[in-house]
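Below: the structure, in structure tokens.
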Amino acid sequence: MNKTVLGFMSMAAIALAFSSCSNDDEQSPVQPGTSTVGGRITANLDATSIEPQAIPAGTGITFIIDGRDLDPKPDNSYQYDKVTVRAEVDAEGRYTVSLPARKNPINAQVVFDAFEFDATIITTNDEGFQETTTARKVFSRNTMNISIVEGQSQIRDFTYTMEGNDFVNRATIKGTVEAQINDNVGEVTGISNVGNQNQITGNGNDTLLTGGAGYTNGTDIAVSGGTGTGMTVNIQAETIGQVFDGTIDNPGENYFINSTYSTTTTGNGTGLQIRVTAVDAANNNAITDFVIPAFARGTGYAIGDIVTVMGGNNMGSVEITEITEGKVTQVTVNQSGEDYTIGDVVTISGGTGATFEITGITPRNEPIPANVVLSFRTNNGNGETYRTTTNAAGEYVVQIPVLPTNGSDNIQVRGVTFETASTYLEDGEFVTGPKIYYMNQRNVQVFTEDIKEEDFTYLRRN
């Protein structure tokens, strides 16, 4: 008896055929199914980055399967060939491959191509300070095994490591160091200074709020102006086009005192009623005076509209001279935004001319100055200290050896005290002057090959 494994033709069309003979009977070839494997392959090509990067496009990954595992009735006397399928990553480090498989799990060995790359690395000088440089380095990954099953799709992401004794068993810590340096910039907590700091009223006499016109009630309304971004407000506003006064255009006849009459208009207004308060009896009860009831001011009217008073001889009419224009009457903070300054005057969108002043903020932290020294002392081994400095954005990065026998280390982090110009509140006024900043010791646990993000905060010394 013999068995033959036919060639593996392509990833798109797998055709492995097995034939066998038992006595004089021939069996039809039995073909395997397929299993799909895909994912993304990365490496720490730039030690200053929080996330690992995609390995170079075209780097290969090879899957090796024992032909014996693909035969549903393997023959112990036959030497089976290995079936190999190769894939290459794209520019984003992604790959996908279709592998021959059976309904029962079988093993696929995964072999990774090594590659060279001009990597951004971190080195340590004699004083323990770490420096960033670029060097040609080799990246590789150990062979591994995965299990595949016919009809199964699985995601397998892999990570390469940099070769060389200086770049194994390391942990990378990086992040941003901040402090509250400017007390006059941050998220909005108060607007105007009328009554409750989170609420203001637009009564027309309020110099800190111009009520504007054309507004309607709304939530999460954007604003413009000021030093910050992202603030939104909730507003209440007058109903646009409510009537408050008018003049007699035509007095008409046959109207009655203290009677309330509906009106019509050729404009857009609706709902206005007129209460007649005086008539001229000598002129057939012509209207001489009227009021507009508070419950019937209507909506949608415009100054100059002529409304007909429906009653009497239906000839009485009134010209509208005073209406509500959609002035903002109340504002509350919805989204507090960021980077606003006390004293900023901002304009509410959705109408024209409504403004208010910011009177309270929660100060934000911001990056500390460049070249502030951070020290990282290991507990394992000889307790060495590694130092790095912040850049102009307050960022830092450091690499620390982790003993493979322990697999982790608890790092003591200290920051050097520094002095910088700060804006702070003194005797009710903001002043700018030098202040001392310090950082309390922090402990950070790291593991071999960690890429860990840790942000630190300095405190101001009063």
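The values are calculated or read from the model by the stated rules, or taken from the named source; none is laboratory data. Note that the coordinates shown come from a computational prediction; the quantities given were computed from them, not determined experimentally. Cβ sites come from the backbone with ideal geometry, for glycine too, and all protein chains shown count toward neighbours.
Observations, loosely collected:
- Wholly within segment 109-187, strands (runs of 3 or more DSSP E) carrying at least 1 residues that are modelled with pLDDT of 95 or more, hydrophobic (A, V, I, L, M, F, W, C) and over 29 Å from Asp409 (Cα atoms): 115-124, 144-148, 153-155
- Qualifying residue in segment 105-112 (condition: within 22 Å of Thr448 (Cβ to Cβ), loosely packed, with under 15 Cβ neighbours inside 10 Å and not β-branched (Val, Ile, Thr)): no
- Qualifying residue in segment 379-402 (condition: at pLDDT below 90, within 24 Å of Asn125 (Cα to Cα), surrounded by 17 or more Cβ atoms within 10 Å (Cβ to Cβ) and in contact with a Leu (Cβ under 6 Å, 6 or more places away or on another chain)): yes
- The number of residues in segment 278-302 being surrounded by 14 or more Cβ atoms within 10 Å (Cβ to Cβ) and outside any strand (DSSP E or B) comes to 7.
- Of everything in segment 410-454 that is over 30 Å from the mean Cα position of the chain (by Cα) and charged (D, E, K, R), the residue that is farthest from Asn184 (Cα to Cα) is Arg414.
- Residue within segment 353-367 that is modelled with pLDDT of 95 or more and out of contact with any His (no Cβ under 8 Å at 6 or more places or on another chain) present: yes
- Filter result for Gly312 (at positive phi, part of a loop (DSSP other than H, G, I, E, B) and in the same structural domain as Ile191 (by TED's automatic domain parsing)): no
- Per the listing Glu419, Glu429, Glu395, the residue uniquely free of Cβ contacts under 8 Å to residues at least 12 places away in the same chain and either within 24 Å of Gln180 (Cα to Cα) or among the aliphatic types (A, V, I, L, M) (or both) is Glu429.
- Within segment 44-73, tally of residues that are more than 30 Å from Glu454 (Cα to Cα) and touching a residue at least 24 places away in the same chain (Cβ under 8 Å): 16
- Unique match (being farther than 13 Å from Gly316 by Cβ, touching a helix residue (DSSP H, G or I) at 6+ places or on another chain (Cβ under 9 Å) and in contact (Cβ under 8 Å) with a residue 12 or more places away in the chain) among Gly212, Gly271, Gly226, Gly298: Gly271
- Tally of residues being among the polar types (S, T, N, Q) and more than 23 Å from Glu322 (Cα to Cα) across segment 228-286: 7
- All positions within segment 134-174 that are under 29 Å from the mean Cα position of the chain (by Cα) and buried (at least 19 other Cβ atoms within 10 Å of the Cβ): Ala171, Thr172, Ile173, Lys174
- Qualifying residue in segment 91-99 (condition: without any contact (Cβ under 8 Å) to a residue 40 or more places away in the chain, loosely packed, with under 14 Cβ neighbours inside 10 Å and either over 20 Å from Ser140 (Cβ atoms) or among the basic types (Lys, Arg) (or both)): yes
- Residues located in segment 304-327, provided they are within 12 Å of Gln242 (Cβ to Cβ) and of a type outside the set (Ser, Thr, Tyr): Ile320, Glu322, Ile323, Glu325, Gly326, Lys327
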